[in-house]
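Have a look at the structure below before the remarks.
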Amino acid sequence: MKPFLSRLWRNFCLMLGNQSSLTLYLLPLVQRLVPGFLPGHYRARLLCRQWQTADMLQLSFKVSGRWPGFVPGQHVLLTLQHNGRYISRPFSICSPLSLWQSQQQIQLCCKINRAGEFTPLLNQLKNGAVVNISTAQGDFYWQQPATAAVFVAAGSGITPVAAMLLSQRHWLAPVSLFYRCRGAENAALLSELQQLAARQPLFTLALSDSRTEPSETLQQHLMTNSSKKQFYLCGPAAFMQQMRMALIHNGVNAAQIRQEQFGLAIPAPADHTAADMQLSASFIRAGISTKVTLNPQQSLLQNAEQHGLAPRFGCRMGVCFQCVCDKVSGQVRDLRSGALSGHGAEQIQLCVSQPLTELVIKL
């Protein structure tokens, strides 16, 4: 009954104000009274910022008391207003749970892409600036602290891993962290993790320098008594897939591996016929259809952008759902799970959909 009433209320709001919520209809008025207010979001005030590495910026926020909190390892969508529109990106919380519980503060460690649209704005935020964050999301968290665990982190993947390790109060089994980086100077949150290793005898921290240590050497370290451990992998998609396949190839059960990856690895076509096949899509916007040739090695979002269609997007990782649109016909592959869509009408996310057949899509 509740879903029916929710749909009924949404349809009523659409009929009354062409918005899915009356709050959205009244949003301009509400924002005059409460600047920066966004329905479904929580306000966070920037306390300070500091550079962890040359391209990793740590931001400390005081979060609204209404925010329901997080499980270490989860991420939030950070929303900023820029050039008259709201844009969002996902960032993992890197601070311990105790900081939120005692002071209602969280920290985000963000890799700054100086050529990007979003992350350079973070370096322009002044202390006291108010932003919006979502509820905490994601299911990448430390589930069995009583079992020996091995963490492998690379790049931005250290942020949720650091939150899990720094939040742990009761250490019941040995834990190792293999931190893959290009030298200690590029290892964000290293000081906090070194301090943890110094005071906690069950925790071992090992830096793996990608400039001098081949990934095969790291894989050999992971195989020691691997059948008795839980593995947590987090980092760039290609590297994490490499680590996962190495573990499975050496007898580790897939159920022992939990993984969170940043970025999407697009699988190559299964054969040369598929690689050489010319795919096309008709993108429909405001009743006007534009037919374009597709590159099957790119997401639909990338394909659309290359043809100047500029669809709406947010995180580019399948988290924020801003690029959801209607697929009228054709089949796509979900880049996160590998799941295949049907051939008929359904909603898809452009940023995580790989084209497999001819497509018709309403933007």
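The values are calculated or read from the model by the stated rules, or taken from the named source; none is laboratory data. Model, not experiment: these values are computed from the prediction. Here the Cβ positions follow ideal geometry from the backbone for every residue, glycine too, while neighbour counts run over all protein chains shown. The accessibility values were calculated without ligands, DNA or RNA, using every heavy atom of the protein model including side chains. Shrake-Rupley method; radii C 1.70, N 1.55, O 1.52, S 1.80 Å.
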By accessible area (1.4 Å), largest first, Leu99, Leu57 order as Leu99, Leu57
On the accessible surface of segment 288-360, probed at 1.4 Å with all protein chains in place, carbon and sulfur together account for a percent value of 51
Percent of all alpha-carbon pairs of segment 120-178 at distances over 16 Å, whole number, is 59
The rounded separation in angstrom of the Cα centers of segment 217-232 and segment 283-323 is 40
Residue separation between Ser227 and Arg312 times 0.36 nm, minus their alpha-carbon distance, gives in nm 26.1 nm
Descending accessible area (1.4 Å probe), largest on the left, turns His82, His75 into His82, His75
Sparse-neighbourhood loop hits (trypsin sites (Lys or Arg not before Pro), segment 72-125; DSSP loop; Cβ within 10 Å at most 10 others) -> Arg114
Note: Gln50 to Asn127 extended length (0.36 nm per residue) minus current alpha-carbon separation gives 26.6 nm
Looking only at aspartates and glutamates whose Cα falls under 14 Å of Lys362's and that sit 8 or more positions away or on another chain, we get Asp326, Glu346
Sorted list, accessible surface of protein heavy atoms, 1.4 Å probe, largest first, for Trp67, Trp100 is Trp100, Trp67
Expected field for Asp139, accessible surface area in Å² at 1.4 Å probe radius, rounded to 10, holds 100
Under the 7 Å Cα-to-Cβ spin-label approximation, Arg211 and Arg285 lie apart by a distance in nanometres of 4.4
Rounded to the nearest 10 Å², the 1.4 Å probe accessible area of Thr204 is 80
Under a 1.4 Å probe, counting only protein heavy atoms, Thr293 has an accessible area in Å², nearest 10, of 80
Rh (Kirkwood, all Cα-Cα pairs) for segment 289-338, Å, reads 12.0
